[in-house]
Amino acid sequence: MSSRRTLRTAQDLLDAGLIRSAEPVERVARSYAVALTPAVVDLIDPADPLDPIARQYVPSAAELSTTPDELADPIGDAAYSPVKGLVHRYPDRVLLTPLLVCPVYCRFCFRRARVGDADATMGEAEIAAALAYVAGRPDIREVILTGGDPLMLPPRRLESLLGRIMDIPHVDLVRIHSRVPVGDPGRVSAELAGVLGGAGKAVWLAVHVNHPRELSPKAAAALSRLAGAGIPLLSQTVLLRGVNDTAEVLEELFRALVRNRVRPYYLHHPDLAPGTGHFRLTVAEGRALMRSLRGRLSGIAQPTYVLDIPGGAGKVPVGPEYWDEEGAAVADPAGAWHRYPPD
Ligand SMILES: *Cc1c(COP(=O)(O)O)cnc(C)c1O
Ligand code: SF4
C-alpha cells in the first residue's frame, strides 16, 4: 500500500487504512503535529495492530493521557536558552534549532509540545543573534543543528548557514541530528550530500532510527550517499515500548546500522514528554537490555544508554555498570563477578 503525499489529517489516515476511527486522532492532532511520509507509510503493515513503525507515527488515544511527572519541556531547554533558537548547557557545544519542522512527527517526541510550527523557523535577525552569541564565546567548539529537522532546510539555505557557522574560527565542527534519512530519504539528494561534505570543516550527522525495518533500501541509499560524501555517521535511538524493547530487535537494529556505516551513538531512555507514558519502560528494563547485548554484539555496534535528567542537569550514561568499586570486582558479559586484581 502506498500513498504519494504526506498524510497529515485523520481523514488521510482513514483513507490509507491506518486507523479505524477519526475521533481520537482529531483530538490528538489539536495538540500535537501529525505527518507520515510515503516512505514511512510504505514500511507499515496495516494488518498488524502491533506494527512497530505505525506505533511511532500513527496518533493514538493514549497520547491524550498525561501523567503528573510529565513536562512540556522535559529536559529543561528553556532555562539554558540565552538567545532564541539556541540552547547552551555544556561549555563546549550549543544546540541551534533553525526550524521546528520535521519530515514526520514521532508520537514520543521530547519536543512534541513545540515541533510542527512552521512559524517558528528562525528569521535572519534571530540567526544573526545566535551566531553572534557563538562567535563571542571561544569555548564553543561544536554547533549542533537540531529542531525540528535541519535537513528540511533547502540545500542552499543549509549551505549558507553552514558557511556562516564554519566562518567562526573556534568552531571545529557542526553536528546535525536528523530523521530525514529514514523519514524522507528522497530528500538526501546529491546536492544535499555535496553541501554537507563541502562545508569546509567537519560535518557529522546523527540519524534518528529506532527499528531495523526503518533502514529500508531507500534509507540505505541515503546513508550511503552521505557516507560517500565524507560525512561521519552516528545514530540515536529512543528506547520505546512496543517498538524496540527486546534484545532481538535492538541487536538487529545496531547490526543494520554498522552494516550501513553508521556507528550507534546513543540509546536514549524516553523523556517525560506529555502523553508518552505508553512508550516508557523503566531504567532497570533498559539496563537489562543493554546488558544482554554486551558480549553477543560487536563493540562497535553498542551505543551508550543515556538519560537526559529532567530540568536540564544534563545527559548521562545510566549503565549498566560492570565495575563494583567497593568489592573491587568486575562482572563479565554473562554476569559472573571476578575480583580485580585477582586474589
Ligand atoms: C543532548 C545535548 C547536547 C549533545 O550532547 P552530547 O552528549 O554531546 O551528544 C548538547 N547540548 C544540549 C543542550 C543537549 O541537550
Ligand atoms: S523527527 Fe525528531 S524532532 Fe521531529 S518529531 Fe521526531 S523526534 Fe521530534
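The values are calculated or read from the model by the stated rules, or taken from the named source; none is laboratory data. As the structure is a prediction and not an experimental result, all values here were calculated from the model. Please note: Cβ atoms are built from the backbone with ideal geometry, for glycine as well, and neighbour counts cover all protein chains shown. Just so you know, the surface numbers come from the protein's heavy atoms only, side chains and all, with ligands and any DNA or RNA stripped out. Shrake-Rupley method; radii C 1.70, N 1.55, O 1.52, S 1.80 Å.
The helices (runs of 4 or more DSSP H) located wholly in segment 158-252 that include 3 or more residues which are under 30 Å from residue 51 (Cα atoms) occupy 180-183, 217-228. All of 59, 46, 74 fail the test of being at pLDDT below 95 and buried (at least 17 other Cβ atoms within 10 Å of the Cβ), apart from 74.
Look at (1) within 14 Å of ligand 1 (Cβ to nearest atom); (2) surrounded by fewer than 23 Cβ atoms within 10 Å (Cβ to Cβ) and you find that residue 199 fails only one, number (1). Of all residues in segment 174-195, those being within 19 Å of the chain's Cα centre (by Cα) and not β-branched (Val, Ile, Thr) number 10.
Only one of the listed residues (186, 123) is away from ligand 2 (no atom under 13 Å from the Cβ) and open to solvent by less than 60 Å² (accessible area, probe 1.4 Å). That residue is 123. The C-beta contact set for segment 221-241 (first residue hydroxyl-bearing (Ser, Thr, Tyr), second residue assigned to a helix (DSSP H, G or I), distance under 7 angstrom, 6+ apart or interchain) comprises 235/257; 237/253. Inside segment 213-248, can you point out the residues that are among the β-branched types (Val, Ile, Thr), open to solvent by 20 Å² or more (accessible area, probe 1.4 Å) and over 29 Å from residue 202 (Cβ atoms)? Of everything in segment 213-248, just one residue is among the β-branched types (Val, Ile, Thr), open to solvent by 20 Å² or more (accessible area, probe 1.4 Å) and over 29 Å from residue 202 (Cβ atoms), namely 246.
For segment 138-155, taking the residues that are open to solvent by 40 Å² or more (accessible area, probe 1.4 Å) and touching a residue at least 24 places away in the same chain (Cβ under 8 Å), the one that is farthest from ligand 2 (Cβ to nearest atom) is identified as 138. Apart from one condition, residue 54 fits all of (1) farther than 15 Å from residue 312 by Cβ; (2) within 12 Å of ligand 2 (Cβ to nearest atom); the exception is (2). Note on segment 26-41: residues that are closer than 14 Å to residue 60 by Cα, part of a helix (DSSP H, G or I) and within 16 Å of ligand 2 (Cβ to nearest atom) amount to 3. Inclusion of residue 37 among residues that are of a type in the set (Val, Ile, Thr) and more than 22 Å from residue 180 (Cβ to Cβ) is not warranted.
Within segment 249-278, the set of residues being acidic (Asp, Glu), free of Cβ contacts under 8 Å to residues at least 60 places away in the same chain and open to solvent by less than 40 Å² (accessible area, probe 1.4 Å) comprises just one member, 251. For segment 86-108, enumerate the residues that are under 21 Å from residue 162 (Cα atoms), within 14 Å of ligand 2 (Cβ to nearest atom) and outside any strand (DSSP E or B). Of everything in segment 86-108, those that are under 21 Å from residue 162 (Cα atoms), within 14 Å of ligand 2 (Cβ to nearest atom) and outside any strand (DSSP E or B) turn out to be 97, 98, 99, 100, 101, 102, 103. Residues in segment 75-89 that are of a type in the set (A, V, I, L, M, F, W, C) and near ligand 1 (Cβ under 10 Å from one of its atoms): 75, 86, 87. Consider segment 96-120 and keep the residues that are out of contact with any helix residue (DSSP H, G or I) (no Cβ under 9 Å at 6 or more places or on another chain) and open to solvent by less than 40 Å² (accessible area, probe 1.4 Å). The one that is nearest to ligand 1 (Cβ to nearest atom) is 111. Mind checking which residues of segment 279-315 are farther than 12 Å from residue 245 by Cα, within 16 Å of ligand 2 (Cβ to nearest atom) and open to solvent by less than 50 Å² (accessible area, probe 1.4 Å)? Once the filter is applied, which keeps residues that are farther than 12 Å from residue 245 by Cα, within 16 Å of ligand 2 (Cβ to nearest atom) and open to solvent by less than 50 Å² (accessible area, probe 1.4 Å), segment 279-315 yields 306, 308.
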